[in-house]
Amino acid sequence: MSSRPAAGGGRWVEVDPGRVPRWVEGFAERHGPPTTTVQGYGLLLTAPDGATAELHTPPGARPTPELTAFAGVAAAPRRIGLLLARKGAVAVGVADGTELVTSKVDTRYVQGRTAAGGWSQQRFARRRDNQAKAALGDAADLAVRLLLPAAGTLAALVCGGDRRAVDTVLADRRLAPLAALRADRLLDVPEPRHAVLVAAVAAARAVHILVR
């Protein structure tokens, strides 16, 4: 379980689906038995002392109006596509439940920034932009080869890394079926590597809870 401050107050908590029932029990012990209401994002728990917890349905899971069924639905096996992208690196994969069953990582050199000025700086900047565009083009090709054939079996596509890089990859017209499956969740990941992709499976399936 991880936690981070939330904009506007409170904190975001990421909980493994299997631990959601125990987390809810702890919330009730601290704040009193909550009432449950259905919201567009999932379920809202409101405790007698005014504390609230927003349980957001994870990508690909079906919505449920019942708290007792929420954890089971969130933990249920489903196929999720993963697309992690940053300039010069991309990782794509398909997870079946908690297991990464298909994956591919690709890296391409993108020149770092230079402190030089004048024409040299402009030349390096153009070269860097061209390298980045070529890398993201390769990333789109990789997604076409690996993810597009599985699009019909995916419950959702979860992306991570640099939002602009991900948007550029999914702007490829060939990937329209995948773009339609894209979840709102954007994983905060370092430069994509195989280990990062493996860890992204759990992050993609985690239940996000906003506590105030």
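The values are calculated or read from the model by the stated rules, or taken from the named source; none is laboratory data. Quantities reported herein were computed from a predicted structural model and do not represent experimental measurements. A quick note on method: Cβ atoms are made from the backbone with ideal geometry, for glycine too, and the neighbour counts reach across all protein chains shown. Surface areas here come from the heavy atoms of the whole protein model, side chains and all, with no ligands, DNA or RNA. Shrake-Rupley method; radii C 1.70, N 1.55, O 1.52, S 1.80 Å.
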Looking at (1) open to solvent by 40 Å² or more (accessible area, probe 1.4 Å); (2) at pLDDT below 95, which is the one condition that is false for Asp96?
(2)
Residue check, Thr68 against (1) at positive phi; (2) open to solvent by 20 Å² or more (accessible area, probe 1.4 Å); (3) modelled with pLDDT under 95, all met but one. Which one?
(1)
Options Arg86, Arg123: the member that is out of contact with any strand residue (DSSP E or B) (no Cβ under 9 Å at 6 or more places or on another chain) and either open to solvent by 30 Å² or more (accessible area, probe 1.4 Å) or modelled with pLDDT of 95 or more (or both)
Arg123
Does Val101 satisfy the criteria of being open to solvent by 40 Å² or more (accessible area, probe 1.4 Å), of a type outside the set (Asp, Glu), at pLDDT 95 or above and assigned to a strand (DSSP E or B)?
yes
Tally the residues that are exposed (fewer than 13 other Cβ atoms within 10 Å of the Cβ) and in contact (Cβ under 8 Å) with a residue 12 or more places away in the chain, restricting the search to region 1-31.
5
Restricting to region 154-210, what's the tally of residues that are under 25 Å from Leu44 (Cβ atoms) and of a type in the set (Lys, Arg)?
3
List every residue pair whose Cβ atoms sit under 9 Å apart, with the two residues 6 or more apart in sequence or on different chains, where the first one lies in region 144-156 and is closer than 22 Å to Leu187 by Cα and in contact (Cβ under 8 Å) with a residue 40 or more places away in the chain and the second, anywhere, is in a helix (DSSP H, G or I) and open to solvent by 20 Å² or more (accessible area, probe 1.4 Å).
Ala151/Pro177
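Kindly indicate which of Pro63, Pro48, Pro21 is at pLDDT 95 or above and in a loop (DSSP other than H, G, I, E, B). Outline the logic, then answer.
Numbers: Pro63 fails: at pLDDT 95 or above; Pro21 fails: in a loop (DSSP other than H, G, I, E, B).
Exactly one of Pro63, Pro48, Pro21 is at pLDDT 95 or above and in a loop (DSSP other than H, G, I, E, B), namely Pro48.
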Within region 65-87, can one find any residue that is of a type in the set (Lys, Arg) and over 19 Å from the mean Cα position of the chain (by Cα)?
no
Say we look at region 32-50 and pick out the residues that are out of contact with any strand residue (DSSP E or B) (no Cβ under 7 Å at 6 or more places or on another chain) and of a type in the set (A, V, I, L, M, F, W, C); which of these is least open to solvent (accessible area, probe 1.4 Å)?
Ala47
What's the total number of residues in region 152-206 that are within 19 Å of Glu99 (Cβ to Cβ), open to solvent by 60 Å² or more (accessible area, probe 1.4 Å) and not basic (Lys, Arg)?
6
